[in-house]
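The values are calculated or read from the model by the stated rules, or taken from the named source; none is laboratory data. The structure presented is a predicted model; accordingly, all values stated were derived computationally and were not measured. So basically every Cβ, Gly included, is an ideal-geometry build from the backbone, and we count neighbours across all protein chains shown.
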Amino acid sequence: MKNQNIKKIFLKLTLILVCGITYGQTEIVGKVISGISGEKPISEIYVQELITKQPLTIADNLGNFRIEYLEPNKKYVIEISAFGYGKQKFNVETKSGINNLTFELKADCEYNAEQAESDWKIGIPKLLLFGSIAPIGNTSSDNRFEKKFGIKYFDFGCEPPIEECIKIYNQRIFELMDKKYGKVWRKKVRTDVEYLN
């Protein structure tokens, strides 16, 4: 009788353990990328699973995150936010085990490579700056640079667009400047121009 009770207890513990392991092994291993660049958004990325209301998590510097303790074959809603992209929701149905997923954040860029090309062709190219509430004004040297190279410094103040947009626009302008002027302009440009290597 005593052996039977021990066997029943052992069986119950085994079932609880197996169920617990199965339940605990279902997780989402996610990677967040920008729909603009195909890479991790430059800003912080916040992730939350809305059905279970797990605590907010921050993706690492590669855009990776993990949400654990989910159930297999269940629908979840993942909310992801990053500066300039707003909050975006993704519906996910889990499979048993680790679910490796990529989440692409959508955004529109007013400033992109095509816009840089267009601005260059019509003679109104810009070198984009992030700025702040009190942007740094041009010095007389900066004004001479603008006149000599036919370009304007453009400061967004405290409301810049998505960083990826600024990066893509500026990098195309850098290529066009190099092609027309060589590298000489790089020695005279303002140091706060974004993404100039």
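Please state which of the following conditions Leu176 fails to meet, knowing it meets all the rest: (1) farther than 24 Å from Ile58 by Cβ; (2) surrounded by 12 or more Cβ atoms within 10 Å (Cβ to Cβ); (3) of a type in the set (A, V, I, L, M); (4) touching a Cys at 6+ places or on another chain (Cβ under 7 Å). Every listed condition holds for Leu176 apart from (4). One residue stands out in segment 40-66 among those that are free of Cβ contacts under 8 Å to residues at least 12 places away in the same chain and not polar (S, T, N, Q): the one that is farthest from Gly84 (Cα to Cα), namely Lys53. For segment 108-161, the tally of residues that are under 19 Å from Leu176 (Cα atoms) and of a type outside the set (D, E, K, R) stands at 20.
Among the residues of segment 129-170, those identified as farther than 15 Å from Ile42 by Cα, among the β-branched types (Val, Ile, Thr) and modelled with pLDDT of 90 or more are Thr139, Ile151. Say we look at segment 121-137 and pick out the residues that are part of a loop (DSSP other than H, G, I, E, B) and touching a residue at least 24 places away in the same chain (Cβ under 8 Å); which of these is nearest to the chain's Cα centre (by Cα)? Only one residue tops the list, namely Phe130.
Looking across Asn170, Asn138, one residue alone is farther than 24 Å from Cys109 by Cβ and touching a Phe, Trp or Tyr at 6+ places or on another chain (Cβ under 9 Å). It is Asn138. Look at segment 92-117 and say how many of its residues are farther than 19 Å from Ile45 by Cβ and buried (at least 17 other Cβ atoms within 10 Å of the Cβ). Of the residues in segment 92-117, 5 are farther than 19 Å from Ile45 by Cβ and buried (at least 17 other Cβ atoms within 10 Å of the Cβ).
Residues in segment 76-108 that are hydroxyl-bearing (Ser, Thr, Tyr), under 25 Å from Thr26 (Cα atoms) and either out of contact with any Phe, Trp or Tyr (no Cβ under 9 Å at 6 or more places or on another chain) or in a strand (DSSP E or B) (or both): 4 in all.
Among the candidates Arg186, Arg172, Arg144, Arg190, which residue alone is in a loop (DSSP other than H, G, I, E, B) and either farther than 30 Å from Val29 by Cα or over 18 Å from the mean Cα position of the chain (by Cα) (or both)?
Details: Arg186 fails: in a loop (DSSP other than H, G, I, E, B); Arg172 fails: in a loop (DSSP other than H, G, I, E, B); Arg144 fails: in a loop (DSSP other than H, G, I, E, B).
From the options Arg186, Arg172, Arg144, Arg190, the qualifying one is Arg190.
Could you list all residues from segment 61-70 that are of a type outside the set (Ser, Thr, Tyr), surrounded by fewer than 14 Cβ atoms within 10 Å (Cβ to Cβ) and outside any strand (DSSP E or B)? Matches in segment 61-70: Asn61, Leu62, Glu68. Between Lys89, Lys75, Lys31, the distinction of being crowded, with 16+ Cβ neighbours inside 10 Å and at pLDDT 95 or above belongs to Lys31 only.
If Phe156 passes every condition in (1) touching a residue at least 12 places away in the same chain (Cβ under 8 Å); (2) loosely packed, with under 15 Cβ neighbours inside 10 Å but one, which one does it miss? The number of the failed condition is (2).
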